[in-house]
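**Student:** My structure is below; once you've seen it, I'll send some questions.
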Amino acid sequence: MKLYTLLVLPLILANATSQAAPFESQWELAMATAYDRASDSVLFDGASGVSRQALLQGAFQYQDWEGQVSVFHQAERGASEDSQLVVDEFFWQGSWQNWDWLLGKRRLDFGVGYGQRPLDWFLPIERNAIALQVNEGVGVASASRFTGSGEFSVMLVDAGISQVSTGDLPKGLAARWYQLGASAEWQLLGYIDDQRGVNLGGSWVDIYGEQWEVHTEWRYQQKYWRWQPAELMAAPQQKRGNDGWQALIGMTWANSEGHSVIFEYWFDSRTLGKSEWDQVFDNSHWYQSQGVQWDSLRQSSAMVFLNDSTLRHNLLLHWTLSDNEYHPKLDIIYTPEDSGLILTVGGEREITEDWGLHASLRYFGGREQSAFAQLQTQWVFTLRSTIVF
């Protein structure tokens, strides 16, 4: 149990029992059951099955302190059950010398995209996940100066205090400049960390009329690592790349009846190209044809899926309808390089003000040799219930 866990629990218990203390809290319990069907991938050996998850989250506020804790329990198919207590956020914020100060563990997310967020630098999370997940923050000490139309912030950031993510995570110094206009807002960010060197990025959002919105964001990364496909009879290796670029542009249309549509395109130069993916598939088919003695090399080829992104060019279409009770939605991600497809159909139903049900079906496929079609799972159906109290 890390230091933040030891700090936050006494604070919760002490103030929850004090009638004089202005302590506020809210709790949410989510439970999910998923059935996934294995694909015919040449990279993975999978089996269909059922998994279960439960997530209890409590958000609290006491004077200048805020935080959120989670108890996450999961029983994955073919694995033992596991529970974990995570301090998602725990921070203090106040004012001094005309600056706003923040110290503790907090989520930092400056992206404006829906399907992808190039500015999600510090501790990236899966976008639009259908399974339950814990979204924890990073260690941060920041000073912010506000004007009538914007904000300037300087931040010391350490992602290494994460309780969920493993490995050596970056830490460094970041600065952000944000401006708000009559109908538009934009920001510039810079971040120097001990693993990726110089990171530069920005975003811009503008509204046109009552129905249209346009957003864009970009990022430059001095250094990055990726798994590189190997020649036949060799395992993939992780190699360092230089001067990586990400960019996203999108637009949103919404009307008074509750319909909302998002179109997005994003590009990532750090990923594998089509010829490299073809090499991965050709090698894996050859290993498979030679028999089980080559399974270790065939399965090691799947290491390329550990890269930050899958394909360089990506298109997204999102539709949702918001009304009083039902909230259906549709997500389509298409990769034109290899004709890959991720299709998600889902919806929510508000049973009461504090109780909701959610169901979704996500399909991974497209052309037979597309990257998405080679994932371990072909489709997954998830049923989730959420209670707020």
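The values are calculated or read from the model by the stated rules, or taken from the named source; none is laboratory data. Remember, it's a predicted structure, so these values are computed and weren't measured experimentally. Cβ: placed from backbone, ideal geometry, glycine included. Neighbour counts: every protein chain shown.
**Student:** Report yes if Ser284 is more than 23 Å from Asp168 (Cα to Cα), part of a helix (DSSP H, G or I) and either in contact (Cβ under 8 Å) with a residue 12 or more places away in the chain or among the β-branched types (Val, Ile, Thr) (or both), otherwise no.
**Tutor:** yes
**Student:** On the given criteria, is Ile342 surrounded by 18 or more Cβ atoms within 10 Å (Cβ to Cβ), assigned to a strand (DSSP E or B) and in contact with a helix residue (DSSP H, G or I) (Cβ under 8 Å, 6 or more places away or on another chain)?
**Tutor:** yes
**Student:** In contact (Cβ under 8 Å) with a residue 12 or more places away in the chain, in a loop (DSSP other than H, G, I, E, B) and surrounded by 15 or more Cβ atoms within 10 Å (Cβ to Cβ): which single residue out of Leu29, Leu43 fits that description?
**Tutor:** That would be Leu43, the only listed residue that is in contact (Cβ under 8 Å) with a residue 12 or more places away in the chain, in a loop (DSSP other than H, G, I, E, B) and surrounded by 15 or more Cβ atoms within 10 Å (Cβ to Cβ).
**Student:** Residue by residue through the stretch 192-210, note down the ones that are assigned to a strand (DSSP E or B) and of a type outside the set (Ser, Thr, Tyr).
**Tutor:** Of everything in the stretch 192-210, those that are assigned to a strand (DSSP E or B) and of a type outside the set (Ser, Thr, Tyr) turn out to be Ile192, Asp193, Gly197, Val198, Asn199, Leu200, Gly201, Gly202, Trp204, Val205, Asp206, Ile207.
**Student:** Turning to a different aspect of this structure: Give the stretch 83-102 a look and list any residue that's over 30 Å from Trp218 (Cβ atoms), outside any loop (DSSP other than H, G, I, E, B) and of a type outside the set (Phe, Trp, Tyr), or say none.
**Tutor:** Once the filter is applied, which keeps residues that are over 30 Å from Trp218 (Cβ atoms), outside any loop (DSSP other than H, G, I, E, B) and of a type outside the set (Phe, Trp, Tyr), the stretch 83-102 yields Ser83, Gln84, Leu85, Val86, Val87, Gly94, Ser95.
**Student:** Right, next: Hey, Glu337 hits all of (1) of a type in the set (D, E, K, R); (2) more than 30 Å from Ala247 (Cβ to Cβ); (3) modelled with pLDDT of 90 or more but one; which does it fall short on?
**Tutor:** (2) is the only condition that Glu337 fails.
**Student:** Still on this structure, please answer the following. Filtering the stretch 304-334 down to residues that are charged (D, E, K, R), more than 30 Å from Pro229 (Cα to Cα) and not in a strand (DSSP E or B), which residue is modelled with the highest pLDDT?
**Tutor:** Glu325
**Student:** Starting from the stretch 142-164, take each residue that is in contact (Cβ under 8 Å) with a residue 60 or more places away in the chain and list its partners that are among the basic types (Lys, Arg) and surrounded by 15 or more Cβ atoms within 10 Å (Cβ to Cβ), counting only C-beta distances under 7 angstrom and pairs at least six apart or across chains.
**Tutor:** If the second residue must be among the basic types (Lys, Arg) and surrounded by 15 or more Cβ atoms within 10 Å (Cβ to Cβ), the pairs left are Ile161/Lys105.
**Student:** Taking only the stretch 177-234 into account, find how many residues are exposed (fewer than 13 other Cβ atoms within 10 Å of the Cβ) and under 20 Å from Leu306 (Cβ atoms).
**Tutor:** Count: 2.
**Student:** If we keep just the residues of the stretch 88-131 that are polar (S, T, N, Q) and touching a residue at least 24 places away in the same chain (Cβ under 8 Å), which is nearest to Asp158 (Cα to Cα)?
**Tutor:** It comes out as Gln93.
**Student:** Are any residues in the stretch 153-174 in a strand (DSSP E or B), hydrophobic (A, V, I, L, M, F, W, C) and surrounded by 14 or more Cβ atoms within 10 Å (Cβ to Cβ), and if so, which ones?
**Tutor:** Correct list: Val154, Met155, Leu156, Val157, Ala174.
**Student:** From the list Gln74, Gln57, pick out the single residue that is closer than 29 Å to Leu341 by Cβ, of a type in the set (S, T, N, Q) and either in contact (Cβ under 8 Å) with a residue 40 or more places away in the chain or assigned to a strand (DSSP E or B) (or both).
**Tutor:** On inspection, the qualifying residue turns out to be Gln74.
**Student:** Scanning the stretch 335-389 for residues that are touching a Lys or Arg at 6+ places or on another chain (Cβ under 6 Å) and free of Cβ contacts under 8 Å to residues at least 40 places away in the same chain, which turns out farthest from Phe281 (Cα to Cα)?
**Tutor:** Leu357
**Student:** Do we find a residue being within 30 Å of Met251 (Cβ to Cβ) and crowded, with 20+ Cβ neighbours inside 10 Å anywhere in the stretch 87-94?
**Tutor:** No - not one qualifying residue is present in the stretch 87-94.
**Student:** Which residues, taken from the stretch 182-201, are touching a Leu at 6+ places or on another chain (Cβ under 9 Å) and more than 16 Å from Phe122 (Cβ to Cβ)?
**Tutor:** Trp186, Leu188
**Student:** A further question on this structure: Within the stretch 124-152, how many residues are outside any loop (DSSP other than H, G, I, E, B), of a type outside the set (Val, Ile, Thr) and surrounded by 15 or more Cβ atoms within 10 Å (Cβ to Cβ)?
**Tutor:** Of the residues in that region, 7 qualify.
**Student:** Let me ask something else. Under the condition of being among the charged types (D, E, K, R) and not in a strand (DSSP E or B), which residue from the stretch 255-281 is nearest to Thr216 (Cα to Cα)?
**Tutor:** Arg270
**Student:** What number of residues within the stretch 345-366 satisfy the criterion of being over 30 Å from Leu272 (Cβ atoms) and crowded, with 17+ Cβ neighbours inside 10 Å?
**Tutor:** Number of matching residues: 3.
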